[in-house]
Amino acid sequence: MKISPNQSAWLRLLLFILSSLSSQIASAQSRPAVDSMGANMGRQNWKAAFHWALKAAESDSADRYWRYLNAAHFASLDKNADMAIKYAGLVLDSDIAPKAAFGKDFDWLRDDPRWKQLMKKKEQVVEDFRQKRIQESLPFRFYQKRLLDETKQQLAALPRESSGRALYQTLKAMYPAHNYTRHDRYQYAWVKLADSLEFPYLIQLPKGFDAAKNYPLVVILHGAVAYQTMRDVADSSAATGFFGHNFVNLAYEAGTIAVFPYSTKRYNWMMPDDGFGLVPTLIREVKHMYPIDDSRVYVTGYSNGATGAFSYLMKQPGLFAGFSGVNNRPQVRTGGTFLKNAANRSFYNVATDYDYYYPIEGHRTFTALAKTLGINWQNIEITGKRNHSYLLSTRDSTIRQMYQRLFADMLSKKRNPFQPNLYWECDDIKNGRCDWLEINELDTLTAKSSWQVSVNATIEGWRQTMNPSVLLDSTSQAFHFPRQSGAVKAKYSGNTFDLTTSRVGKITLYFSPEMVDLNKPVSVIINGKQIYHGPVRYDRTFLMSEFEKEMDHQALWVNKMTFWVNRLSSSTSGQNSVRKRTRQKL
């Protein structure tokens, strides 16, 4: 469903209001005023919305200046310059000034000398706050560097084992020892996506953090990625409002290490693909600093964050044991959605009945489709005219119980990177890998096999963005397929791998002694023909390089072998790993 420019403007307003509503906990007394404010906003009755914003400010002193910000916004929409400037000035004299945003709806005031003076003040307040935050974050930078350096030094000091088997056993048990001197709940950290791109993220340690234990890791993704800009430092004071108080607090109560990455419009987990590597890179970095149970890494989120979690299920599931999302739109936005890929893991989905982002009828259709494919997909419905923001901001105890069930289900999952049956399909080899199978090259000029069938469904029940009680007379396809794809059906039993391909030119298999007996020959059959039969040995160089990068004690691959499906040859990761190469026409 396409969003018109007018709808986009309304969406900006909605996100603005929601961000300020979630900045503080609204008291029971202010709730009727806030509800009335929201109702009049939906009616575009800016005078009434302005009136109720001030009433809400009177009712709750903790939220007063956020309501003044709402009042300034409504006054600006009502073209009341005096009131817009008055309340904007009160906001800029308060402690929320650095976080207050004055968007495009204030542009008509830019020639007013009073507004120019306010915006000059705003720029100075923001810069002063920014510099203060950067200075305060320096100890965290030094601490993060020390933890990473400690890991690097301990890896370099590992004894050079006499055999690959001995090295494998050493690495499985090797968790870097750190001198943790910071035990506060929140830690600040940064991850580099490229040499010139650095993104902050927040780490939440569990209560009573014990360096001798291995902890589940939960990655929680925020929504509204199109409205994010680059940040210098994470912000623990706003975490519950931005990421959702239930996500933050239940991750803490569940005894996990939780991480909260910050994205930008360009670099994020949904679209475009420029930032899709942010989360996997962050996970690898956290594993180098804290003791993580590699079999229990999870990703979840709200809105665009939920779509991001779904996208990792579809495109790069290998690091994760389980996936979940709240107010999700289950669609890959940068390519095809190959739903059969979801059979390799599971997803816990929560939907509301008045969600403009994706209709509850669509979730029902999607769930039925997933079930026909044998996918472990759970869909939980929250009804009662609940809109897109309800599950993020509400303090309802029944919704807290819903989040508790989400965490319980997610944390019950354990990753099995050695499962004997895999299906994998991709239209971009950057997303070609699932566990021990990787598509390295597509061959989309060849005919597609009859079993490679794209699945899709018609989605109905879309709702108006600003007034979700209004049903739209529109439908859309659940998925889009802008590029041709290739697919592999793979299985292994004993020491025999059997692969069937469609539109694939090159494949890599990764080997672990948890999968095969490396004392015996390994056979590889592709499209009904044996292409390899021979030894697979421990490759110490490959093993060490993979561990240094991944710090993964479970999916610890000791060798890999690549096969050119149409060029008829194979190779392994290291020299002399296989005594001969087999060339055979498939």
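The values are calculated or read from the model by the stated rules, or taken from the named source; none is laboratory data. All of these numbers come straight from a predicted model, not from anything done at the bench. Methodologically, a virtual Cβ is constructed for each residue, glycine included, from the backbone with ideal geometry; neighbour enumeration extends over all protein chains shown. In case anyone asks, the SASA skips ligands and DNA or RNA and just uses the protein heavy atoms, side chains included. Shrake-Rupley method; radii C 1.70, N 1.55, O 1.52, S 1.80 Å.
If the requirement is being of a type in the set (K, R), open to solvent by 100 Å² or more (accessible area, probe 1.4 Å) and not assigned by the TED database to the domain that holds M230, which of these qualifies: K99, K121, K152?
Going through K99, K121, K152 in turn, the sole match is K152.
So which residues in the range 193-206 are at pLDDT below 95 and either more than 16 Å from the chain's Cα centre (by Cα) or among the aromatic types (F, W, Y) (or both), if there are any at all?
A194, D195, S196, L197
Please verify whether the range 56-71 includes one or more residues that are assigned to a helix (DSSP H, G or I), open to solvent by 30 Å² or more (accessible area, probe 1.4 Å) and among the polar types (S, T, N, Q).
yes
What do you reckon, is F563 out of contact with any strand residue (DSSP E or B) (no Cβ under 8 Å at 6 or more places or on another chain) and aromatic (F, W, Y)?
Judged against the criteria, F563 is not a match.
Identify, by number, the condition in (1) surrounded by fewer than 19 Cβ atoms within 10 Å (Cβ to Cβ); (2) under 24 Å from the mean Cα position of the chain (by Cα) that C426 doesn't meet.
(1)
For the range 136-149, which residues satisfy the criterion of being under 16 Å from K287 (Cβ atoms) and open to solvent by less than 20 Å² (accessible area, probe 1.4 Å)?
Of everything in the range 136-149, those that are under 16 Å from K287 (Cβ atoms) and open to solvent by less than 20 Å² (accessible area, probe 1.4 Å) turn out to be Q144, L147.
Which ones in the range 296-313 are of a type in the set (A, V, I, L, M, F, W, C) and either open to solvent by 10 Å² or more (accessible area, probe 1.4 Å) or closer than 23 Å to L392 by Cβ (or both)?
Hits for the range 296-313 are V299, A306, A309, F310, L313.
Anything in the range 441-496 that is loosely packed, with under 14 Cβ neighbours inside 10 Å, of a type in the set (G, A, S) and not in a loop (DSSP other than H, G, I, E, B)? List them, or say none.
Residue satisfying the conditions is S493 alone.
Got a number for residues in the range 74-91 being open to solvent by less than 10 Å² (accessible area, probe 1.4 Å) and under 24 Å from Q124 (Cβ atoms)?
5
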